[in-house]
Amino acid sequence: MKLKIIEETGDFLAISVNDLDQSIVNLFTETLNSIDGVSYAGYRVEHPLTGEITVSIKVEPSKITPRKAVEKALERLEEILKSLDRELEVLR
């Protein structure tokens, strides 16, 4: 997976993501949208053959920065995945 910041301002962040499944990016943007202070998070598939996806995040800068929102979303996803792993361990 390759990440590259395309654009960054006080209330906006655009990240280029390569070699990552669209379903993972969708989960990431949905998690971002659940964070207080995030006005919008979404993604666009640039071209289906290149695998490049652009994630856009717009925030209310008085509440959170775009980078902090990304950090919080990744922490939440990590917690969810650890919880799922624990639950699956019971089935093994």
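The values are calculated or read from the model by the stated rules, or taken from the named source; none is laboratory data. These numbers were taken from a predicted model, which means no experiment stands behind them. All Cβ positions, glycine included, derive from the backbone under ideal geometry; neighbour counts span all protein chains shown. Only protein heavy atoms, including side chains, enter the accessible area calculation; ligands, DNA and RNA are left aside. Shrake-Rupley method; radii C 1.70, N 1.55, O 1.52, S 1.80 Å.
Quick one: accessible area per residue over the stretch 2-90, 1.4 Å probe, rounded to a whole number of Å²?
Per residue, the stretch 2-90 has an accessible area of 65 Å².
Go through the stretch 2-12 residue by residue and turn each phi into a ³J(HN,Hα) via Karplus (6.51, -1.76, 1.60, θ = phi - 60°); whole Hz please, and just put x for glycine and proline.
Values per residue, Gly and Pro as x: 10, 10, 9, 6, 8, 8, 8, 10, x, 10, 9 Hz.
Pop a pseudo-label 7 angstrom from the Cα along the beta-carbon direction at both Val90 and Gln22 and give the gap in nm to one decimal.
3.4
Report, ordered by chain and residue number, the aspartates and glutamates lying within cross-link reach of Lys68, taken as a straight Cα distance under 18 Å and ignoring same-chain residues fewer than 8 apart.
Glu7, Glu8, Asp11, Glu30, Asp36, Glu60, Glu78, Glu79
In the chain, what is the volume of the convex hull around the alpha carbon atoms, normalised per residue and reported in Å³?
Considering the Cα atoms of the chain, their hull volume per residue is 95 Å³.
Could you tell me how many degrees, from 0 to 90 and to the nearest 10, lie between the Cα long axis of helix 66-91 and the main elongation axis, the longest principal axis, of the Cα atoms of the chain?
10
Tell me, what % of the accessible area of the chain is carbon and sulfur with a 1.4 angstrom probe?
Of all accessible area on the chain, carbon and sulfur atoms account for 54 percent.
Applying the Karplus parametrisation 6.51 cos²θ - 1.76 cosθ + 1.60 with θ = phi - 60° to the phi angles of the stretch 15-23, what ³J(HN,Hα) value in whole Hz is obtained for each residue in order, glycine and proline being reported as x?
Per-residue couplings from phi come out as 10, 8, 10, 10, 6, 9, 5, 4, 5 Hz.
Once fully extended, how much extra length lies between Asp36 and Thr9, figured as 0.36 nm per residue of separation less the alpha-carbon to alpha-carbon distance?
7.9 nm
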